[in-house]
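Have a look at the structure below before the remarks.
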Amino acid sequence: MGKKKKRASKVWCYYCDREFDDEKILVQHQKAKHFKCHVCHKKLSTAGGMAIHVLQVHKENVTKTIGAG
């Protein structure tokens, strides 16, 4: 009997839960801007950055962050 290669476990994005086979692709994916302002649709890298943007630019409080993506 031949040996079976043990398949490496998949890596996943903690922003959107998407799975990737390759960590390099995950890193490239995570550099993308995951959060979009519901008012002007500006894309931001973090939920906190989006909340600050909405407060400072649109004078609104963000009470809930809708899933990334």
Within region 13-31, how many residues turn out to be outside any helix (DSSP H, G or I) and either at negative phi or among the aliphatic types (A, V, I, L, M) (or both)?
-> 10
Going through region 1-20 in order, the residues found to be out of contact with any strand residue (DSSP E or B) (no Cβ under 7 Å at 6 or more places or on another chain), surrounded by 12 or more Cβ atoms within 10 Å (Cβ to Cβ) and either farther than 24 Å from Asn61 by Cα or at pLDDT 90 or above (or both) are Cys13
Could you please find all residues in region 32-58 being closer than 11 Å to Tyr15 by Cα and either part of a helix (DSSP H, G or I) or of a type outside the set (Gly, Ala, Ser) (or both)?
-> Lys33, His34, Phe35, Thr46, Ala47
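The values are calculated or read from the model by the stated rules, or taken from the named source; none is laboratory data. Being a predicted model, the structure only gives us computed values, none of them experimental. Please note: Cβ atoms are built from the backbone with ideal geometry, for glycine as well, and neighbour counts cover all protein chains shown.
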